[in-house]
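I have placed the structure first, in the form of structure tokens, so that the comments after it can refer back to it.
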Amino acid sequence: MNIPEKAVGVVAFGLKTGIITGDDNIVDVVRKCLINNPDIIRENDIICITEAVVAITQHNIVQLDDVSMEIKAKLNLSDNSTLGVIFPILSRNRFSMLLKAMAKAVPKGKVIIQLMFPADEQGNPIVAKSTLRDLKKHSEDLITVDELGENRLLHPETGLDYIDYYTEIVEANSAKADIYLANRVEYMIGKKPDAVIVSNVHARYEVWEEFLKMGYKNVITLQDICSTPGKGAHSEFGLLGSNILDPAHEQLKLCPVHPNEVCREVQRMIFSEFGKHTEVMINGDGAYKDPESGIYELADPVSCFGCTEGIRNRNRIGVKTKYLMQKLYNEGKTKEEIERIIDEEKRMVMEKNGKDDFSAQGTTPRKIENLVSSLADLVSGSGDANTPIVVVRGFV
């Protein structure tokens, strides 16, 4: 790509790879993608690979029946047990299959689902604030489905009534469903389930610890399921970050394993075959929050699953150009002088802090891996554009 270096700043573009299956090797996928167009990458580019295609090439896929058996064994459940499921996210791709596995673990029992309100951890709404005012309900209260009545909120993006949807999943697998809205774990403990699965993503440890502090012991998080190495498909994050792969065959894709090692392999291949030093990362969901719906994109446990050493734990703190520009302009400096002084400021900061912590006054530090992961996810459209590889240029 003939992009003049001095004419642009950060550039990000997706690379079409064609269909990627379990018969592929991700390093070979990247090689084939570049071999006919070696000039498409440049020195110091960041090569971002969507986590899903890495996991697929690793065959990191589990069957739903295996998930159910593990849930049953870890929580010592019988067919007639009552299983509590607290704070699941409202998602077909992320949670519907997990709920099915949970219901299969207690086919003659009950699944109690406690939904967070007014929205789940990702901002997916379950009840309108106007409805809460009408019902005179507050964040500390419990709200039953009967109390909601016809004031059920459909998801703004999918149009689903998640209370009905989750009820149908449980009952389709022969278990009874009990769904209500509440934000305090005491309500779940009061239902006296035989076991509880903490099902939110980012605040899972806090919720798990609340149960333990209240003396409730038979509780695990989604990370505790399918996380044991040496027992087939697994992930350090367990079921967190999992996704429906094939609902007909009841298959779930887990997060990739050994992601840092995969990134290093891709980096070595690019240098060996194309003579260019690049950084490589495996990205998940971007940390994007929609300003209209309030929905937070990050349903994965992390936005960056792995990366090469050159960008790991590095902050990107840019010079606050508008502040420095106005200060120097008010001092009577010319445009040429202002540009020279700002460039010198950047150079001095690099010398002071070193290449691993490029910083300057005026801006908030952000980890490069999180920023670039978010950018890559937006460019690739979560893989929907058939560009699971994204090249980011000019970022480091």
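Here are the numbers for this structure:
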quantity: Residue within region 65-82 that is in contact with a helix residue (DSSP H, G or I) (Cβ under 9 Å, 6 or more places away or on another chain) and closer than 30 Å to Pro156 by Cα present; calculated: no
quantity: Boolean, Ala12 is touching a Pro at 6+ places or on another chain (Cβ under 8 Å) and among the hydrophobic types (A, V, I, L, M, F, W, C); calculated: no
quantity: Residue match in region 146-154 (condition: of a type outside the set (A, V, I, L, M, F, W, C), crowded, with 18+ Cβ neighbours inside 10 Å and in contact with a Leu (Cβ under 9 Å, 6 or more places away or on another chain)); calculated: no
quantity: Residue, nearest to Cys307 (Cα to Cα), within region 236-275, restricted to residues that are without any contact (Cβ under 8 Å) to a residue 24 or more places away in the chain and buried (at least 16 other Cβ atoms within 10 Å of the Cβ); calculated: Glu236
quantity: Test: residue in region 273-286 that is more than 16 Å from Ala52 (Cα to Cα) and in contact with a Pro (Cβ under 8 Å, 6 or more places away or on another chain); calculated: yes
quantity: Hits in region 219-235 - residues which are farther than 21 Å from Phe95 by Cα and either in contact (Cβ under 8 Å) with a residue 12 or more places away in the chain or touching a Ser or Thr at 6+ places or on another chain (Cβ under 8 Å) (or both); calculated: Gly232
quantity: Which numbered condition Ala55 fails, given (1) in a loop (DSSP other than H, G, I, E, B); (2) within 30 Å of Gly310 (Cα to Cα); calculated: (1)
quantity: Matching residues, region 102-120, being part of a helix (DSSP H, G or I) and free of Cβ contacts under 8 Å to residues at least 60 places away in the same chain; calculated: Ala105
quantity: Tally, over region 326-354, of residues that are among the basic types (Lys, Arg) and either surrounded by 14 or more Cβ atoms within 10 Å (Cβ to Cβ) or modelled with pLDDT under 75 (or both); calculated: 4
quantity: Residue match in region 285-292 (condition: in the same structural domain as Asn124 (by TED's automatic domain parsing), crowded, with 18+ Cβ neighbours inside 10 Å, touching a Ser or Thr at 6+ places or on another chain (Cβ under 9 Å) and in a loop (DSSP other than H, G, I, E, B)); calculated: no
quantity: Test result for Leu132, farther than 27 Å from Val67 by Cα, of a type in the set (A, V, I, L, M), out of contact with any Lys or Arg (no Cβ under 8 Å at 6 or more places or on another chain) and not in a helix (DSSP H, G or I); calculated: no
quantity: Within region 139-154, tally of residues that are touching a strand residue (DSSP E or B) at 6+ places or on another chain (Cβ under 7 Å) and under 21 Å from Arg92 (Cβ atoms); calculated: 2
quantity: Sole residue being over 23 Å from Asp24 (Cα atoms) and either modelled with pLDDT of 95 or more or under 23 Å from the mean Cα position of the chain (by Cα) (or both), chosen from Phe237, Phe271; calculated: Phe237
quantity: Region 7-28, subset modelled with pLDDT under 95 and not in a loop (DSSP other than H, G, I, E, B), residue nearest to Gly394 (Cα to Cα); calculated: Val11
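Conditions tested, residue by residue: (1) within 24 Å of Gln122 (Cβ to Cβ); (2) more than 23 Å from the chain's Cα centre (by Cα).
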| site | (1), (2) |
| --- | --- |
| His138 | yes, yes |
| Arg152 | yes, yes |
| Glu157 | yes, no |
| Asp161 | yes, yes |
| Asn173 | no, yes |
| Val185 | yes, yes |
| Asp194 | no, yes |
| Glu206 | yes, no |
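The values are calculated or read from the model by the stated rules, or taken from the named source; none is laboratory data. Please read these numbers as outputs of a predicted model, since none were measured by experiment. For neighbour counting, all protein chains shown are included, and Cβ atoms are generated from backbone atoms with ideal geometry for every residue, glycine included.
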